[in-house]
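**Student:** Structure in structure tokens, see below.
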Amino acid sequence: MRIFHLSAECYPIAKVGGLADVVGALPKYQNLAGLQAAVVMPFYNRKFVHENTFDIVFQGTTLLGTRRIYFEILKEQTDTLGFELYLIKVPGLLDRENVYSYPDEREQFLAFQICFLDWINWSGQTPDLVHCHDHHSGLVPFLMYHSNLYRRLAHIPTVFTIHNGQYHGAFGWDNLHYLPEIDFYKTGLLDWNGGINPLASAVKCCWRFTTVSPSYLQELSISSNGLEYLFYVERDKGVGIINGIDTDVWNPETDPMLPEHFNATTVAKGKQKNKEILCERFGLSADKPLIAFIGRLVTEKGSDQLPAAIESSIKEHGDKVNFLILGAGDSATEMSLNLLKQLYPQNCNVFIGYDESLAHLIYAGADFLLMPSRVEPCGLNQMYAMRYGTMPMVRSTGGLKDTVIDFGDDGGYGIRFEQVTVADICVSVTRAVVLYKDTRKMQTLRKRMMALDFSWDRSAKEYMNLYESLIPKI
Ligand code: ADP
């Protein structure tokens, strides 16, 4: 069974968030399970691309609106990532350094989708199934089934995975000319609320859609930035499959980014050593409980509540707790956090920016990982944290709800709270501070969470069952 995953991000080529981690791992585990899974993504002018060798396997031209564009498909020679990797290169459009935030992002991702379809249409590289990820490839199902140009692809099943339903990639109907010839009777399948909405179109046109956790599937009918009714109507087409984590990359016993390796037996000593190195770097004491946050500083992640919650907790617990934040995003939150760092240098430090190896060190060295998310489709951070023996403190939403059991409940190992408020975050901090003093209990809980299985094997199997349920329909 030959599967093409289509995505804007893939670790380690280009990563902005969890989408990259998933697309960089799932195909590898699918291949181990006997599929032939490949990743197709835009070409980025980045380290991985310069350090590896690629063959040009296809060249062509196509129309993007009134513009004829030249494109190349490059294949990485050795399948070093455990899957075939194809990059689509369009000079001036798909050969940039960053993934997002260009003024012509719409043309960028339309070019990506159209070149992909042209390639599989003309090259004979026909897959058995196309698996699209997020809105950047959301128009592919519509175009495969309702564009006259791609009639020969119309029998191929498509699966669409929603990693983040808040972003739709919508644009106005005045941009219709960018799309290849389509069946005009079907334009309703592109539309939501008077515009072309790639996420909505994908949900309507794909054979099945998946969300990255079962709880998130339910929540999309309640909150999805205007698509609630669509998710309610299409609910039977959806299935929630929790993400796995790449246990080869995220392994405290072998992680090359850690100064000290450890496993469930040596966790106490190993964590302490990493914590000391981390705390020394950030001028914090390694004797206090260290509560960390890693992630984008955006409303979705509840990061706007962090400055007030941290200040209140420091006032409440005096010198008994430390905080360390790694992230970038909203400038008001960045400023408030930097101010906290100046006000309470003994208790709080902040690193504004993106730093993969620092993230690994924090997962290993912190005692608790705070995730006060308003929306969390799956969340990978809590799973990385648990693999590194760090207790997650999470708001009960989406994938956080599906992966973390409160330590007060049967078999539990984490801290859960209900609301994204300063009050709820502070209560969870108090619980963490009290729990930290009970060394024996902390040790038991760390071992318990490190024994959990968040590997991709289980999730990869669920995707495989889904694919198998679609292929016989051809
Ligand atoms: P999302 O995709 O919504 O940002 P996820 O939890 O799915 O959230 O994935 C976040 C990923 O990005 C994790 O691998 C996390 O470690 C990483 N990450 C987020 N922000 C940073 C940062 N500032 N520095 C390093 N890694 C980060």
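**Student:** Please give me the summed charge of the neighbours of ALA8: other residues whose Cβ is under 15 Å from its Cβ, Lys and Arg +1, Asp and Glu -1.
**Tutor:** Residues near ALA8 contribute -3 overall.
**Student:** Could I ask something else about it? Go through LYS28/LYS75; LYS269/LYS341; LYS401/LYS441; LYS75/LYS301 and tell me which ones have a Cα-Cα distance over 25 Å in this structure.
**Tutor:** Check vs 25 Å cut-off fails for LYS269/LYS341; LYS75/LYS301.
**Student:** For segment 227-307, what log10 I(q)/I(0) values come out of the Debye formula at q = 0.15, 0.18, 0.22 1/Å, with one point per alpha carbon and no solvent?
**Tutor:** -0.83, -0.98, -1.16
**Student:** So if we plug the beta-carbon distance of LYS320 and ILE56 into 1/(1 + (r/R0)^6) with R0 = 60 Å, what FRET efficiency do we get, rounded to 0.05? Before the final figure, lay out the partial values.
**Tutor:** Details: r = 60 Å, r/R0 = 1.00.
According to the calculation, E is roughly 0.50.
**Student:** For segment 1-112, max minus min Cα coordinate along each principal axis, in Å, sorted largest first?
**Tutor:** Reported extents, whole Å, longest axis first: 44, 28, 26.
**Student:** For segment 267-453, go through all pairs of different Cα atoms, get the mean of 1/r, take its inverse, and jot down that Kirkwood value in Å. List each step's numbers first, then the result.
**Tutor:** Values: mean 1/r = 0.0625 Å⁻¹.
One over the average 1/r among Cα pairs gives 16.0 Å for segment 267-453.
**Student:** Run the Debye formula on the Cα coordinates of segment 279-368, all scatterers equal and no solvent, and tell me log10 I(q)/I(0) at q = 0.20, 0.25 1/Å.
**Tutor:** For the requested q values the scattering log ratios are -0.92, -1.43.
**Student:** For segment 126-263, build the charge dipole from Cβ charges (+1 Lys, Arg; -1 Asp, Glu) around the Cα centre, then report which of PHE184, GLY138, CYS205 sits farthest towards its positive end.
**Tutor:** PHE184
**Student:** Still on this model: Any chance you could tell me what percent of the C-alpha pair distances in segment 355-402 go past 13 Å?
**Tutor:** That tail contains 51 percent of the Cα-Cα pairs.
**Student:** Using the C-alpha gyration tensor of segment 342-440, what are the square roots of 5 times its eigenvalues, in whole angstrom, with the largest one first?
**Tutor:** After diagonalising the Cα gyration tensor, the semi-axes are 20, 17, 15 Å.
**Student:** To one decimal place, what orientation-averaged projected area in nm² is obtained for the convex hull of the Cα set of the chain?
**Tutor:** 21.7 nm²
**Student:** Tell me, what is the FRET efficiency for ASN45 and ARG281 to the nearest 0.05, using R0 = 25 angstrom and their Cβ-Cβ distance as r? Intermediate results must be reported in sequence, preceding the final value.
**Tutor:** Values: r = 31 Å, r/R0 = 1.24.
So, using R0 = 25 Å, E works out to roughly 0.20.
**Student:** While we're looking at this one, here's another question. How about segment 156-238: which GluC sites (Glu not before Pro) there are in a DSSP loop, with at most 10 other Cβ atoms within 10 Å of their Cβ?
**Tutor:** Nothing satisfies the criteria.
**Student:** Over the residues of segment 156-207, compute the C-alpha Rg and express it relative to 2.2 N^0.38 Å.
**Tutor:** Its radius of gyration relative to the 2.2 N^0.38 Å reference: 1.15.
**Student:** Let me ask you something else. How big is the dipole moment of the chain about its Cα centre under a simple scheme where the beta carbon of each Lys and Arg is +1, that of each Asp and Glu is -1, and everything else is neutral? Debye, nearest 20, please.
**Tutor:** Values: 44 positive and 54 negative charges, 124 e Å.
That gives the chain a dipole magnitude of about 600 debye.
**Student:** For ASN251, project a label point 7 Å along Cα to C-beta. Then give me every residue of segment 437-458 with its amide nitrogen under 20 Å of that point.
**Tutor:** Residues 447-458 qualify, since their backbone N sits under 20 Å from the label point.
Here, each number is a calculation from the coordinates, and none is a lab measurement. Treat the numbers as computed from the prediction; the structure is a model and nothing was measured. Quick reminder, even Gly has a Cβ in these numbers, built from the backbone with ideal geometry, and neighbours come from all protein chains shown.
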